[in-house]
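Since every read-out is calculated from the coordinates, none of them should be taken as a lab result. These numbers come from a predicted model, not from an experiment. Reconstructed Cβ throughout: ideal geometry from the backbone, glycine too, with neighbour counts over all protein chains shown.
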Amino acid sequence: MGTIFGKIDVETPKFELLHSSPDYEIRKYPPSIVAQVTYSPSQLRGNRDGGFTILANYIGALGRPQNKKPEKIAMTAPVTTQTPKDTTEKIAMTAPVITHGASNGGDETMVTMQFVLPAKYQKVEEAPAPTDERVVIREEGERKYGVVRFGGVATDEVVKEKVEKLKKSLERDGHGVIGEFLLARYNPPWTLPAFRTNEIMLPIE
């Protein structure tokens, strides 16, 4: 998934560019098929991104694919992470995943981590069935985002600043924000900071 100089050499999601301005882009993404696992970090030695190994085993990134065909599934980019509102925990770099945070009713945050499968899989039944019952294959529906791209390291402080600025710009122009932000990272952790590509994505009406 790229090099130290930022080259992205895996499939990335297609989208329709609806609007472009100096402050942001409006993009519409078509439905996609994802593999996901939901867990609490304490179940995986406190690792908030611990579901990565489970999903990487499903697609065969770490050896023999753990699906019923078995079929090796190509990785995609970007890594996309969603955290609950008002959280300040750091976001670790993994690839290629989508992570959603939600409370389990106690003090711990539950994590749903997703791999977006390659576009050749158009239906849930076309994707190889996982042998690990923790892995769920489902369809992610069409969605629209306001997006801003930036380079460097996506620290908590930088992300917070970008989210606030993007939200203000969208609302100023009449775009209603309808959910929490996604942080999309297109490069692996060994990529030099100057060559990294990141995006903040806010779901809009």
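Note that the stretch 144-151 has calculated 3J(HN,Hα) couplings of 10, 10, x, 10, 10, 9, 8, x Hz, one per residue in order, obtained from phi through the Karplus relation 6.51 cos²θ - 1.76 cosθ + 1.60 (θ = phi - 60°); glycine and proline are x. Taking 14 Å as the cut-off, the amide N atoms of the stretch 136-160 that come nearer than this to a point 7 Å along the Cα-to-beta-carbon line of PHE195 belong to 152.
Taking a ≥ b ≥ c as the square roots of the eigenvalues of the alpha carbon gyration tensor, the stretch 107-205 is prolate, as a/c is not under 1.5 and a/b beats b/c. Which entries in LYS14/LYS120; LYS68/LYS120; LYS72/LYS144 show an alpha-carbon gap greater than 23 Å? Long pairs (Cα-Cα over 23 Å): LYS72/LYS144.
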